[in-house]
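Contents: one structure, followed by commentary.
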Amino acid sequence: MYTNNKLTKSIRLALMFGGASLAMTGTAVAQDQSADGADDEAQERIQVTGSRIKRTDMESASPISVFTAAEIEASGFPTLEKFVQSLPSVNGAAQGSNVNNGSNGSATVSLRGLGSGRTLLLVNGRRTAFSDMNSIPMAYVERIEVLRDGASSMYGSDAIAGVVNFITKRDFEGAEVTAQYDLTGEGDGEQTRVAATIGTSSSRGNVVLALEYTNRNSIWQGDRDFSACPLFDDGEGGVFCGGSGTSEMGTWSTVSDNYKGYVVDPKTGEIRPFNTATDGFNYAAVSYMVTPQEVFTINGSATYDLTNNTTMFLEGGFANRQSDQLMGAEGTFWGQFVPADNPYNPVGEDLYINRRLKESGGRAFTQDLNDYRMVAGFEGYFDNGWSWDVSYNYTRFVDTRVDYGRANAQRFLNLTDPALCDADEACPEVWNPFAPGTLTQEMMDYAFLPNSPVVRGQTKQFMANISGDLGGFGLPAGPIAWAAGVEKRWEDYLYQPDGAALIGQIYSVAGEKTEGQYDVTEAYVEFDVPLLADLPGVEDLRLAAAFRSSNYDFLDASINKKFGLEYTPFEGLLIRGTYADGFRAPSITELYAPQQESNLPYNEPCDNWQDDPSQALRDNCASEGLPGDFQLASNQSASLVGGNPDLGPEESESMTVGFVYSPEFIENFSVSVDYFNIEIQDGVGSVDTNTIVNGCYYSVDFSSPLCDLILGAEEMGRPAYNSTAPNRDNLGSVAGIVASLANLSVFETAGYDFDINWSTEVGTGLLKLRLDGTYLDDYSFISSPGAEKTQYAGYFAADQWEGNPAAFSKLRTNFTANYAFNDWDFTYTARYMQGTEDLNGVKDDGGSYYAGSAVYHDLQGSFSLSEATTLSAGIRNMFDRKPPYVTNDDDMNTIATSYDLSGAYWYVRMNMRF
């Protein structure tokens, strides 16, 4: 039978090529979900991410990739985070081990660079509460399915960019133990992974239990030459080591403006202007480059055949993650007032001082997160072959956080004001903020507070699905396959601030409790319609269609649809295409996350404004009383970030067109190319600080609407730079930028995915070659209504979802060569990322505005010591490729979220199977 031949071929190729197989055939090697006694046709039915239809002749119109457990292990990565984020179709500044400033400890994935919230993360086709890959153990994963087009019609909200579905082991038998140890070539950054999986089966069912522990040690920014200190351009093609204008001896300005940006020299005691090169605080030396964490997970699943056609299944999981971030010590960013009668006041005038509180050791942020997951359900087949399943999914996380080194601004004011200190019995003594090392332990005990908020969320999901075909009521080309189902989902979120924050006693910490919940009722229907078959020039032609109705309790009801077309003119060639409209409701955190201050980096437009060709800029900078050779002491802006309960939904349209070709004259060879195009309207986002500040200051007389998003220093509780520059704090930085979320953006991205695969026997072994990649032709962004379109493809710029800079390379590829013979197995991988330019690097000032291309070479060798034991060793980034230096004043002097920071990583792994 032709359809069964296609299925047999697709499964054979899947086993041969592993992860490349779905790019070739659009078919997954799914687990057998039929019950004992069902007919052979039912036994062969499969289901792949992006469709609910189970059938024997499925070749998807959607581009899908699958990566098996063996391929994940062969990559050498110790966690799923690094493996998934290395895929060419993944882009942007996702959360992970390289994010220190602004991290919540999670590991996320952003398909197409559109943001982790637009990539739906599933476990066995069901949602999680936190979407953190750290909570998914590598030992428990059987394969990863990546759907690279919109899937709102199948999975509802959040699937605009695509879906990453982690399929766990379900029919595992025996026992498997894995231990891996990683160490950088510098002798730091130790990583340890220990995992055990055990399973057993009977004639009625199966039970699997998996435990995994991973530990990642920190690497400091000061441990690498490229990140040891903040680098500044000297304007002549060189760089020098500088730092923050909030210095450890204090940078101060008098209220009368007789002094602006001065310090007391710690060696001579003389008063002189602040100098970035000699006085700047080196926050890099005391900050993490790679953040530490420990994760323990326990997961299990069970199936039991109640009857010949009905199976009960259970899934359960628990993960505990303890993660940390460490940044430079708190500073008196609020502009600490020091009255004239402070005995250490060097000029006898009232002044404001920005003093780095280095004595505290730094700002430490810790998370202790517990993530729970439970699924119970039934599945089976009717006598006519139709399949069905009903399940209830409950997931919940509790993130208990404690931050250390947070300041109480009022008590610091008491420390510098003799009258206030005398009035407070707890005040130990008057403080000298003009010299380093003067903050005593008693003062720190008095003026520092821990911050201990709790974040909690849960998702409850009921699902019921049925799938089959119309049999004899179909078309001449074959029966119409169909699926239908309903889903009910409840979301809940709570942010409970620290008690001191509630009454405003912790500087720059949100003090408002926020909570919210919503529910959604959905129904869908899907069809696969064979139009023509077995005709000259038309071996197979079929149409796929899916429709989903979503009814949120706080939004208008919506219907989303998807259409796909598959055309096989002759065996070996599949031409395919899809069109889908998408829908994304604002997430629970986007709606209810608290408003709080964040110090975001930006490029200062008024630096040396006297030399800028723009008359509008020169006029605006001069109107604020800035000198023509103005230099910003600190490149961070005090900004407001957070959720917005008035957000509406995003809407999208996506299209893919491509082909898969497996010529008969080249055995075991396949090539696929798919064009993608995604457009998002009413995108939830925030205008980045660069766009706001530069758009405002380059407009005539501050006339741009972007200027309305700059509230000024007073809004942030800071003194102004001077009376004519209310937008700036006393260090000169633009302050009070509104960066909270709104429906204001338009995104469009387009490009090509490609996969080339070939395998052949060489000597006594099998050689497999694979090249997959993504060419990003367009990634454009309109930040707000009326704004000009900004092109990100080929540039690095602030990720519109995460806020941190990311490189949006035009070309990313992974090439893998695997050769296995006898008891040996070798894998070589080359990961390539094309260079990018700084989107905001418009000035010819000798800076570095280009991040070069990078190729990372990975090598792994494995030897089977026995039938039960395999020893593997390898190295990632074999040639120790360093990240490029760029002039963007961001963490680590490079694009930390896009490049490898750690250098060469050696590892050894032992795997035992029983």
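A short reminder: the numbers here are calculations on the coordinates, not readings from a lab. Quantities reported herein were computed from a predicted structural model and do not represent experimental measurements. In this analysis, Cβ positions are derived from the backbone assuming ideal geometry, glycine residues included, and neighbour counts consider all displayed protein chains.
In table form, for the structure just shown:
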quantity: Expected 222 nm ellipticity per residue - DSSP helices of 4 or more, -39500 (n - 2.57), all of the chain, to 500; calculated: -2500 deg cm²/dmol
quantity: Under 20 Å from residue 169, Cα to Cα: lysines that are on another chain or at least 8 residues apart; calculated: 54
quantity: Distance between segment 581-612 and segment 631-706 - C-alpha centres, whole angstrom; calculated: 13
quantity: Square roots of 5 times each gyration tensor eigenvalue, C-alpha, segment 863-911, largest first, Å; calculated: 36, 9, 6
quantity: Rounded to whole Å, sorted largest first: equivalent-ellipsoid semi-axes of segment 55-211, Cα gyration tensor; calculated: 25, 25, 13
quantity: Lysines whose Cα lies under 21 Å from that of residue 810, excluding same-chain neighbours fewer than 8 positions away; calculated: 82, 789, 882
quantity: Assigned charges on the beta-carbon of Lys, Arg, Asp, Glu; segment 217-359 dipole about Cα centre (debye); calculated: 140
quantity: Isotropic mean projected area of the C-alpha convex hull, segment 342-496 (nm²); calculated: 17.0
quantity: For a label point 7 Å along the Cα-to-beta-carbon line of residue 722, residues of segment 579-608 with backbone N under 18 Å; calculated: 605-608
quantity: Percent of C-alpha pairs per 20 Å bin, the chain, short to long; calculated: 14, 45, 31, 10, 1
quantity: Segment residue 372-residue 675, length gained on full extension (0.36 nm per residue, minus Cα span); calculated: 105.2 nm
quantity: Cβ-Cβ FRET estimate between residue 194 and residue 819, R0 fixed at 25 Å, reported to 0.05; calculated: 0.30
quantity: Span-like helix ranges in the chain, DSSP H, alpha carbon extent 20 angstrom or more, Kyte mean at least -1.0; calculated: 2-17
quantity: Rounded to whole Hz, the Karplus (6.51, -1.76, 1.60) HN-Hα couplings of segment 566-573, x for glycine and proline; calculated: 10, 10, 10, x, 7, 4, x, 10
quantity: Computed Rg/Rh of segment 620-665, alpha carbon atoms with Kirkwood Rh; calculated: 1.43
quantity: Karplus-derived HN-Hα couplings along segment 284-292 (A = 6.51, B = -1.76, C = 1.60, θ = phi - 60°), whole Hz, x at Gly and Pro; calculated: 5, 4, 10, 10, 6, 9, 10, 7, x
quantity: Order of 759, 623, 639 under a 10 Å beta carbon neighbour criterion, fewest first; calculated: 623, 759, 639
quantity: Semi-axes of the equivalent ellipsoid for segment 180-278, Cα gyration tensor, largest first, Å; calculated: 56, 18, 12
quantity: Cβ-Cβ FRET estimate between residue 659 and residue 239, R0 fixed at 56 Å, reported to 0.05; calculated: 0.70
quantity: Whether segment 147-226 is rounded, prolate or oblate, judged on the alpha carbon gyration tensor where a/c under 1.5 counts as rounded; calculated: oblate
quantity: Scattering profile of segment 433-580 at q = 0.17 Å⁻¹ [log10 I(q)/I(0), Debye over alpha-carbon scatterers]; calculated: -1.04
quantity: Stretchable slack from residue 502 to residue 320, in nm (0.36 nm times residue separation minus alpha-carbon distance); calculated: 62.8 nm
quantity: Farthest positive-ward along segment 420-497 dipole, Cα basis, beta-carbon charges - from 480, 465, 496; calculated: 480
quantity: Mean projected area in nm² (Cα convex hull; one quarter of hull surface) for segment 58-104; calculated: 5.0
quantity: Amide hydrogen neighbours beyond the local backbone of residue 289, cut-off 5 Å, H modeled; calculated: 219, 220, 221
quantity: Estimated inter-spin distance, residue 298 and residue 441, nm [label 7 Å along Cα→Cβ]; calculated: 4.0
quantity: Inter-site label distance for residue 629 and residue 462 at 7 Å from Cα along Cβ, in nm; calculated: 7.3
quantity: In order through segment 263-269: 3J(HN,Hα) via Karplus (6.51 cos²θ - 1.76 cosθ + 1.60), integer Hz, x for Gly, Pro; calculated: 9, 9, 4, x, 9, 9, x
quantity: Kirkwood hydrodynamic radius (C-alpha pairs) into Stokes-Einstein, segment 791-888, 4 °C and 1.567 mPa s, D in µm²/s; calculated: 80
quantity: Two-decimal log10 I(q)/I(0) for segment 465-527, as the Debye equation yields it once each C-alpha is a single scatterer, q = 0.16, 0.18, 0.27, 0.29 Å⁻¹; calculated: -0.70, -0.77, -1.03, -1.08
quantity: Mean projected area (nm²) of the alpha-carbon convex hull when segment 494-570 is viewed from all directions; calculated: 9.3
quantity: For segment 245-394, convex hull volume per residue from C-alpha positions, Å³; calculated: 186
quantity: Length added when fully stretched, residue 515-residue 204, from 0.36 nm per residue minus Cα-Cα; calculated: 107.5 nm
quantity: Cubic angstrom per residue, convex hull over Cα atoms of segment 772-814; calculated: 77
quantity: Separation in nanometres of the label points that stand 7 Å from Cα toward Cβ, at residue 744 and residue 830; calculated: 4.4
quantity: Cβ-based charge dipole, segment 707-781, positive-most Cα from 740, 722, 756; calculated: 722
quantity: Residue exposure sequence - 881, 728 - by fewest surrounding Cβ within 10 Å; calculated: 881, 728
